[in-house]
Amino acid sequence: IWADVLGYVRKNISEVEYHTWFAPVKNLGVQEGSLVLGVRNSFAQEWFRKHYLELLEDALRSLGAQNPQVSFQVLPAVQEAMILPQDPPPAPPPARSGPGPRQAPAAFPAENRKSLNPKYTFENFVVGPNNNLAHAAALAVAESPGKAYNPLFIYGDVGLGKTHLMHAVGHYITERFPEKRIEYVSTESFTNDLINAIRDDKMTQFRNRYRSVDLLLVDDIQFLAGKERTQEEFFHTFNALYENHKQIILSSDRPPKDIQTLEGRLRSRFEWGLITDIQSPEYETRVAILKMNAEHNRIDIPQEVLELIARQVTSNIRELEGALMRVVAFSSLNSVPFSRAVAAKALSNVFAPQEIKVEMMDVLRATAAHFNMPPDVVRGSGRVREVVVPRQVAMYLIRELTSHSLPEIGQFFGRDHSTVMHAVSKVTEQLGRDAELTASVDALRRQMQAVDDPE
Ligand code: ADP
Ligand code: MG
């Protein structure tokens, strides 16, 4: 029946989704009337419960089941053990000596993988509202290189997963189309290669190398700014690949229009395909990333400790991972089990307790949830009391718990600073008088500051 279930599922979701989520699933048979499916990690388990449980039940129903039940079980990791527990270093350093043979780390078997970090796969990429568009675009490109969006341009601040996504496309294509040639290069090493090629009179090799690939990944393209000769050469590389329907993926810390001194003809080409951004992850995504990281590294760490870390490190995923490692190192050096107190201590050198960061979005979300309302509505322009009170509470708490200025808070809510000021004084005035409001503010404050009194 599993094949029938898969057939049903396949008809109801996109090919990309199917391949990402269903292809790796193992059918573990029927136990106590429930179809048991093996998934790779607890993240996948949660994802299935949230997104595919109903679909699977429908599938069983369509096959005649009266009261279909599906459960998920995390499979023991087999393959991942090859890569972890220790993370490999990030992508190898840029080649210094032009197109000559580059040292390929022994761990990457295929030629294509020589410059791909084995950790940077789609499976290891946690999808959240901050990155789901970039993720979907990357998957679409991986699925049909050269056909979906060309070029794909991903931009966002440092440490948010641009390089990870590019490599993920590389891995995916390597697996599914082993005959395709893939080149990943930072803009810096593209530039160095070009300089060396000019110096050594090896332009032909240089051009062959970059123009004969099926997938070209160029990271941090903002560094093309001001480099005229590199821009010229990249322009021709781009055209050669594009005309042959070869996929190009570019990353940058800003959109093409904001890259200064970029030739117009390059800028317009960068805008031909799809431009998508990655934002800072919200709290839930940060927890999910930490969870996945801990699992991959076989670290058994309580959820509440992960939550504490996720509250402290808010902007950058690289730092988030660093904080986790710091906590792990601290507790193993001191031979103490993980706890919130230990974690708070481990991070106290990096983040003073009073600096505990609570982002505006987190406060808005918590407040909206507390009042049973979608965050967008609370942030929106509605003027009825049911919306105005939560909005004022959110403004008040943001003012109290973060270091954002009144104009910044105003901007976040699409209003001016005097509205925020009014909200803050309104709530201040009501505190102590309005029992319900006071209870709400207290509960939310405690929730947001859950880190403050470990143990
Ligand atoms: P960027 O290229 O945008 O500076 P990276 O791709 O180097 O950022 O990501 C920084 C670190 O964060 C990497 O270790 C990467 O694996 C991790 N990371 C980023 N986004 C995610 C995500 N959505 N899920 C899991 N790990 C992520
Ligand atoms: Mg990067």
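The values are calculated or read from the model by the stated rules, or taken from the named source; none is laboratory data. Here the structure is a predicted model, which is why all the values come from computation and not from measurement. Cβ placement follows ideal geometry from the backbone for every residue including glycine, while neighbour counts extend to all protein chains displayed.
Of all residues being closer than 24 Å to D376 by Cα and of a type in the set (G, A, S) in region 114-161, which is farthest from ligand 1 (Cβ to nearest atom)? Just the residue, please.
A136
Within region 285-308, can you find the residues that are under 11 Å from S339 (Cα atoms), of a type outside the set (D, E, K, R) and either assigned to a helix (DSSP H, G or I) or within 16 Å of ligand 2 (Cβ to nearest atom) (or both)?
Q303, V305, L306, L308
I'd like the residue in region 136-181 that is part of a loop (DSSP other than H, G, I, E, B) and among the hydroxyl-bearing types (S, T, Y) and, out of all such residues, is farthest from R318 (Cα to Cα).
S144
Is it the case that Y184 is more than 17 Å from N117 (Cα to Cα), assigned to a strand (DSSP E or B) and not charged (D, E, K, R)?
No: the conditions fail for Y184.
Give region 206-234 a look and list any residue that's loosely packed, with under 15 Cβ neighbours inside 10 Å and assigned to a helix (DSSP H, G or I), or say none.
N208, E228, R229, E232
Keeping to region 231-267, report how many residues are touching a Phe, Trp or Tyr at 6+ places or on another chain (Cβ under 6 Å), within 16 Å of ligand 2 (Cβ to nearest atom) and of a type in the set (S, T, Y).
Residues flagged as touching a Phe, Trp or Tyr at 6+ places or on another chain (Cβ under 6 Å), within 16 Å of ligand 2 (Cβ to nearest atom) and of a type in the set (S, T, Y) within region 231-267 amount to 1.
Going through region 178-205 one residue at a time, which ones are farther than 19 Å from G226 by Cα and either out of contact with any helix residue (DSSP H, G or I) (no Cβ under 9 Å at 6 or more places or on another chain) or charged (D, E, K, R) (or both)?
Hits for region 178-205 are E179, K180, R181, E183, R199, D200, D201, K202.
If you scan region 309-328, which residues turn out to be within 16 Å of ligand 2 (Cβ to nearest atom), assigned to a helix (DSSP H, G or I) and under 12 Å from T285 (Cα atoms)?
Start the filter on region 309-328 by keeping residues that are within 16 Å of ligand 2 (Cβ to nearest atom), which leaves 315-322.
Applying the additional criterion that residues be assigned to a helix (DSSP H, G or I) yields 317-322.
Matches in region 309-328: I317, L320.
Give the residues of region 118-133 that are closer than 17 Å to I173 by Cα and either at pLDDT below 95 or within 16 Å of ligand 2 (Cβ to nearest atom) (or both), sorted by residue number.
If the condition is that a residue be closer than 17 Å to I173 by Cα and either at pLDDT below 95 or within 16 Å of ligand 2 (Cβ to nearest atom) (or both), then P118, K119, Y120, T121, E123, N124, F125 are the ones that fit.
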